[in-house]
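Structure first, then comments.
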Amino acid sequence: MAQDSSQETCAVAPHRVVVIVDENSNPFELGCATEVFGLSRPELGRELYDFRLCSPEPLTPMRDGFFMLTGVAGLDAADSADTLIVPNRPDTDVPRRPAVLDAVRRAHERGARLVGFCSGAFTLAEAGVLDGRRATAHWQWAHVFRARFPAVRLEEDVLFVDDGDILTAAGSAAALDLGLHIVRRDHGAEVANSVSRRLVFAAHRDGGQRQFIERPVPKLPDESLAPVLAWAQERLDSSLAVSDLAARACVSPATLHRRFRAQLGTTPLAWLTGERLALACRLIERGEARFEVVARRSGLGTAANLRALMRRETGLAPSAYRRRFGTGTG
């Protein structure tokens, strides 16, 4: 028996995500965190995260008193978080509890990853961990935030900001974008795609896209970009250019550019490059070891271009990405 037990291997504990819920917290962002990090993933054959909620009080009134949250852990659970999602709420002018701010500071000092959804950026800024750092917040509160926290480098017209160990999302729906970005960063594009499919949500919207897209009701139903996007996604390995997308949509390149800006908040070239990079990541994760083949099949052309784009967008060289997310890795 002793010999058998010595041969047992211990599974690595999943990354622990803890959400602090405080008085008047927004339930939507709490639901986003739960959907992305808290659900069981039998389709993947493993659990991605150990997810917990905590609160400074045993009974927490949620936004506008719609309901009360009970039965969650005490605030000391934040001290065991690998990733700590801080509370957000609409009354941004009300100071956060000192105990909550202290928990955020302790997490930051021991190297935990901090995440703020929507007005959660105010919590991070009040804790003093955003001084000199990049962050975003909902456009509605951007001028207030900038006035109160001038030391923070606010980027007010993006969906989310990844500043390494501190990440912020601009608004409610952007919480899902940032959550999937974190999954992609932790577990790779293939797993993030699986999570997004279960959410029935777009797998990847770049953080640099605009928060607020003025999108009038189209005059004609054929102004939707969906057909040309689907057509292009099936041909990423070919030498597609923006002019090809415009020709497929039967519009000029200038008109296509305006539609991309209006409907997606990005440019045709940026969208095309992002789709190709996402395909390259999936190919590497599925076991393709020849980077020149990955570059060719994803439409990125050369291995040098693949390396440059992967370093820029993921922070990893293709070889490092393969070691972290490739077939047979944790």
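Given +1 at the Cβ of Lys and Arg, -1 at the Cβ of Asp and Glu and no other charges, the dipole of the chain around its Cα centre is 1140 debye to the nearest 20. Of the residues E126, E288, E43, the one that moves most in a GNM of the chain with alpha-carbon contacts below 10 Å is E43. Summary value for region 15-199: 19 percent relative contact order, contacts being C-alpha pairs under 8 angstrom separated by 6+ residues.
Share of antiparallel DSSP beta bridges in region 15-199, in percent to the nearest 5? List each step's numbers first, then the result.
On the way: 6 of 26 bridges.
The answer is about 25 percent antiparallel.
Residues E292, E47, ranked from the fewest to the most other C-beta atoms within 10 Å, line up as E292, E47. Go ahead and run the numbers for FRET between L199 and D157, Cβ-Cβ distance against an R0 of 30 Å, rounding to 0.05. E(calc), rounded to 0.05, equals 0.75. As a size descriptor, the averaged projected area of the C-alpha convex hull of region 221-325 was calculated at 6.6 nm².
Of the complete DSSP H runs in the chain, none spans 20 angstrom or more by Cα along the long axis with a mean Kyte-Doolittle score not below 1.6.
No lab work stands behind these numbers, since they all come straight from the coordinates. The structure presented is a predicted model; accordingly, all values stated were derived computationally and were not measured. Positions of Cβ are generated from backbone atoms using ideal geometry, with glycine treated the same way; all protein chains shown enter the neighbour counts.
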